[in-house]
Amino acid sequence: MILPTNQLSGHAGAVHFALTLCGYLGELRAALEAASSTSDDPYEKVQALTDAFVDYSLAYPAFVDCALTLMRRTGEELFGEISEHVMFKLGVSIAEALQTVIDTLDHGVARGEFFIKDTTLTANLLYASGLGAVQLARVGILVKSGHEKLPEIGPLTADDVRRHLVAVALAFTRPFEDN
């Protein structure tokens, strides 16, 4: 029986979201692998991977919901709510989904085009920031301080988010202190 998400909390909710996320991550992995195979150029691969991530995330908003719900917890809290077996399954699913990104970053480093010390950390950061950015695209608005510091809102499209995520991902490939 699948419970409505507003009825899921604590241990049962975390387990449900973790197992559901595993399924989504398997599909995401397949989408990322397909996107990665379109080019040998590391920059083009980063673009294709970002496009695939955004497309998948917007097509399956429950993926983003599950991932962000679990990310609200600390690792310690997750281990307290989820069995070792489910945590292992979730860890494998996340690692497999991120591997294509890590491989792409490693490929760029090996070719001397990317300057990244820790491609695993970079892939994890891109995943986490990508989830937040896609959620912002789903909201579809930007908030800023306007006249007399009153809040103003403006539109935000998925294409806006996609362009910025590609720019951020490519910025990670450039030399900077402690990269």
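The values are calculated or read from the model by the stated rules, or taken from the named source; none is laboratory data. Everything numeric in this text was worked out from a predicted model, so none of it was measured. Here Cβ is always computed from backbone atoms with ideal geometry, including for glycine, and neighbour counts include all displayed protein chains.
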Practice prompt. Tell me the helices (runs of 4 or more DSSP H) entirely within region 62-179 that contain at least 1 residues that are surrounded by fewer than 20 Cβ atoms within 10 Å (Cβ to Cβ), modelled with pLDDT under 90 and among the small types (Gly, Ala, Ser).
Written response: 75-81
Discussion item. List the residue pairs whose Cβ atoms are under 7 Å apart, where the first residue sits in region 71-99 and is over 22 Å from Thr119 (Cα atoms), the second is surrounded by fewer than 14 Cβ atoms within 10 Å (Cβ to Cβ), and the two are 6 or more positions apart or on different chains.
Written reply: Glu81/Gly10; Glu81/His11; Met87/Phe79
Practice prompt. Determine if region 128-144 includes at least one residue that is in contact with a strand residue (DSSP E or B) (Cβ under 7 Å, 6 or more places away or on another chain) and of a type in the set (Gly, Ala, Ser).
Written response: yes
Worksheet item: Given the structure, is Met71 within 17 Å of the chain's Cα centre (by Cα), of a type outside the set (S, T, N, Q) and over 21 Å from Ala158 (Cα atoms)?
Response: yes
